[in-house]
1. Among residues belonging to region 39-64 that are among the acidic types (Asp, Glu) and either over 23 Å from the mean Cα position of the chain (by Cα) or open to solvent by 10 Å² or more (accessible area, probe 1.4 Å) (or both), point out the one that is nearest to Arg87 (Cα to Cα).
2. Here is a check on your reading of the model: is Gln126 crowded, with 18+ Cβ neighbours inside 10 Å, assigned to a helix (DSSP H, G or I) and polar (S, T, N, Q)?
3. Let me spell it out: the conditions are (1) over 20 Å from Ala371 (Cβ atoms); (2) open to solvent by 30 Å² or more (accessible area, probe 1.4 Å); (3) assigned to a loop (DSSP other than H, G, I, E, B), and Gly140 meets all of them except one. Which number is the exception?
4. List the residue pairs whose Cβ atoms are under 9 Å apart, where the first residue sits in region 568-587 and is closer than 17 Å to Leu329 by Cα, the second is among the small types (Gly, Ala, Ser) and open to solvent by less than 20 Å² (accessible area, probe 1.4 Å), and the two are 6 or more positions apart or on different chains.
5. Condition test on His477, is it open to solvent by 30 Å² or more (accessible area, probe 1.4 Å) and either under 24 Å from Gly308 (Cα atoms) or in contact with a Ser or Thr (Cβ under 9 Å, 6 or more places away or on another chain) (or both)?
6. Can you name every residue in region 223-238 that is β-branched (Val, Ile, Thr) and either under 30 Å from the mean Cα position of the chain (by Cα) or within 25 Å of Arg178 (Cα to Cα) (or both)?
7. Out of all the residues in region 223-238, which are part of a helix (DSSP H, G or I) and of a type in the set (D, E, K, R)?
Amino acid sequence: MNEQNPLLQLREIMQQNNVSAVIIPGTDPHGSEYITEYWQEMNYISGFTGEAGTVVITTEAAALWTDSRYFLQAPPQIEPRGITLMREGESDTPTIANWLASVLEKDSIVSVNPQLFSVSAFISLQDMLTSNGLELVTDGDFVEEVWAERPPLPNNPVFQMPRTIDGRTPGEKLKMVRAEMEKAGIEAWLATSLDDIAWLCNLRGSDIAYNPVFMAYALIERDRAALFIDGSKVSDITAASIGRQGIAIKDYNNIRVAIASVGTRIGMDFNKANYQLYLAAQANGGAKHITSPVTLMKGIKNNVELTGIRKAMIRDGVAMVKFLRWLELQMQASEITELDVVKRLHDFRAEQDCFVGESFATIAAYGPHAAIVHYEPTAETNIPLQPKGYLLLDSGGQYLDGTTDITRTIPLGPVTGEQRMNYTLVFKGMVNLANAKFPYGTRGAQLDVLARQFLWQHSKNYGHGTGHGIGHFLNVHEGPHSIRMQENPVILEPGMVMSDEPGYYQADNHGIRIENIVAVAGGREKNSNKFLHFDTLTLCPIDLKTLIRQYITPEEVEWINAYHQMVYRRLAPMLDRDHQKWLQRKCAKYD
């Protein structure tokens, strides 16, 4: 067996099992976006370090499907292994099934690990492969056989979230879920998404970097509920506490046995639950697709959660102000690099009360690096900042009472006319979305154009979504709501928290993104005559000096002045005199 290249080793295993192709998505059995090292099979085989992608390996060829965030990042990582980039979203990019049909003979066998495909994804893939004359099998985890030094599953302890921070007890949440089970006519429901489970049980963990979640499943029946987790992670005190709320602790590895023994049809979200669990349910009472009721409950923040998020935004704003002033002074005094920026911003956040960690890897991207949407500086890519051009800084913090995510594009000196224009267009899009008013029943896709319209007028666009949901001391990317061009049937409800982050990226030149967090606000009555709006939660000045003034409307001037007044009013009491003076200058009236 080849000892050097895992892809070559995998091909040897495939040939031994008479398999012509293997499909490996970048996820885990819980459908997570960010995953623990144990489940980074796609990354291990391909060499790609991005969070979103699927690698397909045949005995002769290989390809990686990923989205526009990684079009610049992926090629230098995957091409040394002979893997071709497939650009998702582009009209000439084939589907995985069509590509396999073009490179494999008819009746070839394609294998997947059923733990890494949702029920919906597996059935869709099976239909497409079958129509192309290929056979899909679930032969298990071939990567396990070649990954000699695979990291173990994490074994980190979990801890409880007090009701004073969360707003509801697990018992109250179980009652809400059971009411939805009653409506759906099911006796049992399986929760598989890690953030759903953490929210439901009022527990947090650290099994996955940046996401305060833990590896677990939850099975809820009409008269009992169980959390399937490595019991060593749960202290006796925590087990007793959630036990009083009606949740028993069961072993994580026994979930399939438990599903098969329920004796009745189990509700599970086919877009989230993995196919292996579906097969376990089919062996007994069967499974029924039920959209996760917890996802929507979690997405609509209650008043206690919103209050906590606002407090977290103040502390995060203080850290950002201290960092931005430090950056300004450092640029005048000595050379600093992208990694210096990452470290110093982390240090300022770590000074704040209730800080737990970052909510994702900080994107400190100077100059051309900013065109790589999810660029993360490393020792190999790190470059010094220069007194010209833009620094794109996208970062966030995890606090016990909230999760933050903020992007500022910071001019470090002179910028070109084209860069100024692009900054102005992105700024206008961010402000106009923040200023939106819309009737109850509006979907995010109906608002997306408000952020893109100015770029579109100049025949420009960006490939990522405009807004994603954000958790309450949970995942920085959270559903079910979003603002993006693609249709999402979920309407925007009061209490939903999300990002507002248009951008523009010019390869090998520059990248621009401005991001604030907003909350849907307005009456909670489900009334088509009721209009909603966004409350901006992020507290940090926006640099205005490279805006092209003639393109800024009176309404936009009014918004930015009101926003900066709010920023100064809420942050100044938390700052010393030097930082107050600095912030006062940055929040001065724009006219």
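1. Just the residues of region 39-64 that are among the acidic types (Asp, Glu), to begin with: 41, 51, 60.
Then keep just the ones that are either over 23 Å from the mean Cα position of the chain (by Cα) or open to solvent by 10 Å² or more (accessible area, probe 1.4 Å) (or both); that gives 51, 60.
Numbers: Glu51: 15, Glu60: 20 Å.
My answer is Glu51.
2. Numbers: crowded, with 18+ Cβ neighbours inside 10 Å: yes; assigned to a helix (DSSP H, G or I): yes; polar (S, T, N, Q): yes.
Answer is yes for this residue.
3. The one condition Gly140 does not meet is (2).
4. His579/Ala572; Gln580/Ala572; Leu583/Ala572; Gln584/Ala572
5. Values: open to solvent by 30 Å² or more (accessible area, probe 1.4 Å): yes; either under 24 Å from Gly308 (Cα atoms) or in contact with a Ser or Thr (Cβ under 9 Å, 6 or more places away or on another chain) (or both): yes.
Spelling it out, His477 is indeed open to solvent by 30 Å² or more (accessible area, probe 1.4 Å) and either under 24 Å from Gly308 (Cα atoms) or in contact with a Ser or Thr (Cβ under 9 Å, 6 or more places away or on another chain) (or both).
6. Step one: list which residues in region 223-238 are β-branched (Val, Ile, Thr), which gives 229, 234, 237-238.
Answer for region 223-238, where residues must be β-branched (Val, Ile, Thr) and either under 30 Å from the mean Cα position of the chain (by Cα) or within 25 Å of Arg178 (Cα to Cα) (or both): Ile229, Val234, Thr238.
7. Quick first cut of region 223-238, residues part of a helix (DSSP H, G or I) only: 231-233, 236-238.
Scanning region 223-238 gives Lys233, Asp236.
Matching residues to (1) of a type in the set (Lys, Arg); (2) at pLDDT 95 or above; (3) surrounded by fewer than 20 Cβ atoms within 10 Å (Cβ to Cβ):
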| residue | (1), (2), (3) |
| --- | --- |
| Thr164 | no, no, yes |
| Thr169 | no, yes, yes |
| Leu219 | no, yes, no |
| Arg224 | yes, yes, yes |
| Asp236 | no, yes, yes |
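The values are calculated or read from the model by the stated rules, or taken from the named source; none is laboratory data. The shown structure was predicted, so the numbers you read here are calculated from the model rather than taken from an experiment. Neighbour counts run over all protein chains shown; Cβ positions are idealised from the backbone, glycine included. SASA here: full protein model, heavy atoms, side chains in, ligands and nucleic acids out. Shrake-Rupley method; radii C 1.70, N 1.55, O 1.52, S 1.80 Å.
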